1. Report, as an integer, the average count of C-beta atoms from other chains found within 10 Å of each Cβ along A:89-98.
2. Filter chain B for me: DSSP H helices, axial length by Cα at least 20 angstrom, mean Kyte-Doolittle hydropathy not below 0.0. List them by residue number.
3. Could you give the spread of the C-alpha atoms of the protein assembly as shown along their three principal axes, from largest to smallest, in whole angstroms?
4. Suppose all protein chains stay in the model; what accessible area per residue would a 1.4 Å probe give for the protein assembly as shown, in Å²?
5. If you average 1/r across every pair of different Cα atoms in segment A:34-125 and take the reciprocal, what Kirkwood value do you get, in Å?
6. Per residue and in cubic angstrom, what volume does the convex hull of the Cα atoms of chain A have?
7. Interface A/B, total buried accessible area with a 1.4 Å probe, nearest 100 Å²?
8. Convex hull over the alpha-carbon atoms of segment A:192-287: what's its volume per residue in Å³?
Amino acid sequence: MAAIEVRDLVKTFGETKAVRGISFSVEEGEFFGLLGPNGAGKTTTIRMMTGVLRPDSGSVSVLGMDMRKRSLEAKEKMGVIPEVGNVYPDLSGRENLELMARYYGLPRKLREDRAERTLKELGLAERGDDPVKKYSKGMRQRISIGCAMIHEPPLLFLDEPTEGLDVQSRRMILEKVKQLNKNGSTVVLTTHNIEEASRLCQRVCIINKGQVLVIDSPERLRATFEKVQSVEVSFDRKVDCSIFSSESCVAKAEEAGDKLRIYTSDPDLVIERIMAIKEEKGLRIISMATLGPTLEDVFVKLTEEKT
Amino acid sequence: MNYRIITKGVLVTARKDVRIYYRKAPVFIFGLILPTFLFFAFFVGRDLDVAKYFPGFLAMSLFFTASSVGPLIIPWEKQQGTFERLLTLPVNIPILVTGDTLAGAGFGLIISTIVLLFGAAFLPLTFPLATILALPVLFILGNICFAALGVLLSSPAGRVPANIMMLAALVRFPLIFISGIFIPLSELPPEARWITYFSPLTYLVDGLNAVMGQVNVFPIALDALVLSAFTAGFLVLASWTLQRKALKGL
């Protein structure tokens with residue numbers, strides 16, 4: 001059974017069509033990514049999937065429950081980290097966790113045990129009784145994640161969960177989400193951090209302007225766009241990327257830190273040209289590598305092609 | 001309809017509101033300090049029959065306290081960024097509205113009970129046996145009704161609590177002047193009385209007048225019925241408005 005079935009979702013705000021007939025399904029236990037540029041309709045889609053917004057038309061079924069008819073029961077089985085999903089600053093971390101556990105109907109003893117355990121897992125055991133208003137942004141976000149997971153839901157929605165976080169908090173949160181997915185929970189992640197999606201998700205759905213562009217595994221998407229390969233090279237001194245721009249075998253050349261990245265459909269020919277230029281200019285190569293297309297390349301290409 | 005989830009949602013929401021919002025400054029200012037000042041402004045230094053005006057004052061303090069929590073909750077939640085999380089929990093808008101109303105009613109009930117006990121202890125009040133049983137009914141109905149009014153006032157809100165607190169003051173002040181608090185209903189000329197019929201506070205003042213042996217205009221049962229109708233109307237309207245404005249300010 002699919003954990004989520006989304007069929008022909010449409011949502012309009014005034015004159016703006018935010019979502020224009022999106023359909024996809026997410027399998028049970030899957031780690032599914034929803035990718036798109038800002039304003040693509042990711043958050044609106046996730047809000048309709050989690051019952052925050054009612055679609056104008058179309059349907060959402062969650063764990064076999066129609067969100068129009070059985071949204072309360074469906075919501076009991078979900079954990080959601082909304083885009084704007086803070087916790088209560090007047091309450092302590094522990095009180096926030098216990099409050100959410102109450103909403104999910106956990107009995108008292110279980111509430112207390114889960115809150116204690118979650119605080120430990122999130123590295124907040126010592127600060128658990130401090131009011132959240134005294135926490136750093138990373139600590140608040142950790143509590144926010146804890147609130148969504150306190151009832152160990154079979155389905156988890158994460159809307160940009162690591163946006164603007166420090167490295168330590170980001171790692172901790174992603175580890176916790178991965179662990180939950182490993183234990184059988186279905187996870188839906190919206191992000192514009194393509195590397196994160198590529199590392200975590202079994203399938204990604206790329207949406208733009210309220211429409212699905214493609215749904216596939218990150219690896220297969222890369223393979224589809226094999227022609228978007230690149231050669232990355234660094235020389236012993238600075239070389240302007242424009243010297244490659246006139247080459248017919250080069251699609252695009254750009255600086256990437258102290259390296260040059262040259263996009264091509266024929267890496268062999270580009271390497272030959274690099275060697276020729278090296279001889280011509282008396283350069284030394286520090287490093288050189290051929291790279292397949294990243295998910296970012298796929299994303300950019302798709303969103304460029306279909307706009 | 002899943003009554004277990006609905007009941008749990010209402011009670012947990014009310015508990016959350018009690019824990020967080022009872023201690024907020026605007027609740028104290030608009031719920032306690034303001035009616036106290038009004039009382040002093042009206043009664044002190046004037047040769048008034050306090051027992052005659054006490055039902056009106058009690059109704060006014062109940063009205064202010066019960067309707068002081070509701071206007072704060074939704075804009076405060078939106079401002080803090082907690083409202084969207086609430087919407088993702090196993091609750092819906094009517095559950096949130098009912099929970100917020102219950103929290104407001106609880107605050108009003110506590111404070112107005114203290115005022116009543118104070119009045120009963122120190123003022124020459126009489127409670128006719130025939131109507132005394134109506135007192136808890138009117139108290140509970142009045143508190144729920146005005147708490148629901150408070151929630152209704154905040155239902156179209158964005159994320160600035162101060163805007164709604166001002167709007168709430170703009171609505172509440174005129175109501176106390178057209179509800180028979182400062183001029184008893186029975187003393188109003190018939191041509192001026194019709195306007196008081198539009199205020200829910202009128203029916204609480206009238207009911208409390210009956211319970212405390214003062215002159216009432218309507219039967220107590222009618223007062224209770226009209227208060228119930230206003231309550232239902234406020235709850236439905238608040239849910240409908242909030243449903244449409246839920247994402248405003250997010």
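The values are calculated or read from the model by the stated rules, or taken from the named source; none is laboratory data. In this text the structure is predicted, and so the values were computed from the model without any measurement. Cβ placement follows ideal geometry from the backbone for every residue including glycine, while neighbour counts extend to all protein chains displayed. With ligands, DNA and RNA removed, areas are computed over all heavy atoms of the protein, side chains included. Shrake-Rupley method; radii C 1.70, N 1.55, O 1.52, S 1.80 Å.
1. Across the residues of A:89-98, the mean count of other-chain Cβ atoms within 10 Å is 2.
2. Values: long enough: B:3-21 (26 Å, 0.13); B:50-80 (45 Å, 0.58); B:93-122 (43 Å, 1.85); B:134-154 (30 Å, 2.24); B:161-177 (25 Å, 1.66); B:220-245 (37 Å, 1.18).
Counting only whole DSSP H runs, the qualifying helices are B:3-21, B:50-80, B:93-122, B:134-154, B:161-177, B:220-245.
3. Extents along the principal axes, in whole Å: 109, 50, 47.
4. Numbers: 24340 Å² over 557 residues.
Ligands and nucleic acids excluded, the result is 44 Å² per residue.
5. The answer is 15.3 Å.
6. On the way: hull volume 48.9 nm³, N = 307.
So the per-residue hull volume is 159 Å³.
7. Counting protein atoms only, the buried area is about 2900 Å².
8. Enclosed volume per residue, from the Cα hull, is 130 Å³.
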